[in-house]
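*Asks:* Shown below is the structure under consideration.
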Amino acid sequence: MTEPLELSYTTRGEGPPLLLLHGLYGSSGNLNRLARRFAEHYRVIAPDLRNHGRSPHHPQMDYPAMASDVAALLDREGVERAAVMGHSMGGKAAMALALAQPQRVAALIAADIAPVAYQHGHGSLLATMQRVEVARAGSRGEVDEALAAEVPSSAVRQFLLTNLQPRDGGGYEWRIPLQILADAVPAIQGFPDLAGRYEGPALFLYGTASDYFVPERHGEVASAYFPAAEQVALEGAGHWLHAEQPEAFAEAVEGFLRRAYTTA
């Protein structure tokens, strides 16, 4: 294990600490709407995970490393225990932290993700991004058009384009290290073989229109790692459930946290 990286992050609000972890290709900014709401009652800490946003790049890109980064961030902020909410990749990082250092996690929320391996084609998506000659592009629209041939979803393209930034001398560059992420796809889509269980309060919040968490397929393994976990559906929501149904998502998280802190 390498030394933890010093993550870029934001804080807002006062109260019990709540850590928000974004998903693959994302950043803390993707969770700003939730962060503002949760900051009414919690001290919200929202980092950019390694190789994302403004945080440092490093060739080691796996969940134990991400969990170590997050634990080090809690240390820097003087936080002994925090509730941790993570979406997708961030949810796996949150689970890895809860299993490796359960004493640091007051409550766990995994948003539309399970502690299992997936095959969701991120390798081909990253290859597509690498093929686009963004350094020669005259506008973001040109990059969007180039991506569209292989990424038909406009919503997915716009999400990816949040990582596009102007380059000194003209054109653009990706702020995320595409080759590092491509090399790490097996680790990102997988889940490490971690010993132990997290006995604390946990919530698996999932969208019924997503295949990332299906109780019949994933519920048993989630319960094996997290025996006290609740499994709650957002009807009709897809994988980006926090963006598709922000009010229902926030209400579910807030209700869970109230119960978790009441019984702690």
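The values are calculated or read from the model by the stated rules, or taken from the named source; none is laboratory data. Keep in mind the model is a prediction, meaning the values are calculated, not measured. Ideal geometry is used to build each Cβ from the backbone, glycine not excepted, and the neighbour counts take in all protein chains shown.
*Asks:* Name, by its number, the condition in (1) without any contact (Cβ under 8 Å) to a residue 60 or more places away in the chain; (2) among the aliphatic types (A, V, I, L, M); (3) surrounded by 16 or more Cβ atoms within 10 Å (Cβ to Cβ); (4) under 23 Å from Tyr25 (Cβ atoms) that does not hold for Ala209.
*Replies:* Among (1) without any contact (Cβ under 8 Å) to a residue 60 or more places away in the chain; (2) among the aliphatic types (A, V, I, L, M); (3) surrounded by 16 or more Cβ atoms within 10 Å (Cβ to Cβ); (4) under 23 Å from Tyr25 (Cβ atoms), Ala209 violates only (3).
*Asks:* Let me ask something else about it. Please list, ordered by residue number, the strands (runs of 3 or more DSSP E) wholly in the stretch 152-237 having 2 or more residues that are closer than 21 Å to Ala137 by Cβ.
*Replies:* Counting at least 2 such residues, we get 164-166, 172-174.
*Asks:* Also, I was wondering about something else. Only one residue in Gln165, Gln179, Gln245, Gln231 is touching a Pro at 6+ places or on another chain (Cβ under 7 Å) and among the polar types (S, T, N, Q). Which one?
*Replies:* Answer to the check: Gln231.
*Asks:* Restricting to the stretch 211-263, name every residue that is small (Gly, Ala, Ser) and under 18 Å from Leu34 (Cα atoms).
*Replies:* Scanning the stretch 211-263 gives Ala237, Gly238, Ala243, Ala248, Ala250, Ala252, Gly255.
*Asks:* Does at least one position in the stretch 10-29 carry a residue that is of a type in the set (S, T, N, Q) and touching a Leu at 6+ places or on another chain (Cβ under 8 Å)?
*Replies:* Yes - at least one qualifying residue is present in the stretch 10-29.
*Asks:* While we're looking at this one, here's another question. Within the stretch 105-144, which residues are under 24 Å from Asp183 (Cβ atoms) and either within 16 Å of the chain's Cα centre (by Cα) or among the hydroxyl-bearing types (Ser, Thr, Tyr) (or both)?
*Replies:* Ile113, Ala114, Pro115, Val116, Ala117, Tyr118, His120, His122, Ser124, Thr128
*Asks:* Of the numbered conditions (1) among the hydroxyl-bearing types (Ser, Thr, Tyr); (2) closer than 27 Å to Leu126 by Cβ; (3) at pLDDT below 95, Thr263 satisfies every one except a single condition; which is it?
*Replies:* With respect to (1) among the hydroxyl-bearing types (Ser, Thr, Tyr); (2) closer than 27 Å to Leu126 by Cβ; (3) at pLDDT below 95, Thr263 is out only on (2).
*Asks:* Is at least one residue of the stretch 82-104 at pLDDT 95 or above, touching a helix residue (DSSP H, G or I) at 6+ places or on another chain (Cβ under 7 Å), surrounded by 24 or more Cβ atoms within 10 Å (Cβ to Cβ) and of a type in the set (D, E, K, R)?
*Replies:* Among the residues of the stretch 82-104, at least one is at pLDDT 95 or above, touching a helix residue (DSSP H, G or I) at 6+ places or on another chain (Cβ under 7 Å), surrounded by 24 or more Cβ atoms within 10 Å (Cβ to Cβ) and of a type in the set (D, E, K, R), which makes the answer yes.
*Asks:* Taking the criterion of being more than 28 Å from Gln165 (Cα to Cα), assigned by TED's automatic domain parsing to the domain that holds Tyr198 and in contact with a Phe, Trp or Tyr (Cβ under 6 Å, 6 or more places away or on another chain), would at least one residue in the stretch 78-98 satisfy it?
*Replies:* Scanning the stretch 78-98 turns up at least one residue that is more than 28 Å from Gln165 (Cα to Cα), assigned by TED's automatic domain parsing to the domain that holds Tyr198 and in contact with a Phe, Trp or Tyr (Cβ under 6 Å, 6 or more places away or on another chain).
*Asks:* So, Gly170, is that one touching a helix residue (DSSP H, G or I) at 6+ places or on another chain (Cβ under 9 Å), at positive phi and not charged (D, E, K, R) or not?
*Replies:* yes
*Asks:* A follow-up question, please. Which one of the conditions (1) assigned by TED's automatic domain parsing to the domain that holds Pro17; (2) in a strand (DSSP E or B) does Ala114 fail to meet, given that it meets all the rest?
*Replies:* Going through the list (1) assigned by TED's automatic domain parsing to the domain that holds Pro17; (2) in a strand (DSSP E or B), Ala114 breaks only (2).
*Asks:* Among the residues of the stretch 177-184, is any within 30 Å of Arg81 (Cβ to Cβ) and touching a residue at least 12 places away in the same chain (Cβ under 8 Å)?
*Replies:* Yes; the residues of the stretch 177-184 include at least one that is within 30 Å of Arg81 (Cβ to Cβ) and touching a residue at least 12 places away in the same chain (Cβ under 8 Å).
*Asks:* For the structure I just gave you, tell me whether Arg167 is surrounded by fewer than 18 Cβ atoms within 10 Å (Cβ to Cβ), basic (Lys, Arg), under 19 Å from the mean Cα position of the chain (by Cα) and not assigned by TED's automatic domain parsing to the domain that holds Leu99.
*Replies:* no
*Asks:* Looking at Arg217, Arg258, can you tell me which residue is surrounded by fewer than 20 Cβ atoms within 10 Å (Cβ to Cβ), touching an Asp or Glu at 6+ places or on another chain (Cβ under 9 Å) and at pLDDT below 95?
*Replies:* Arg217
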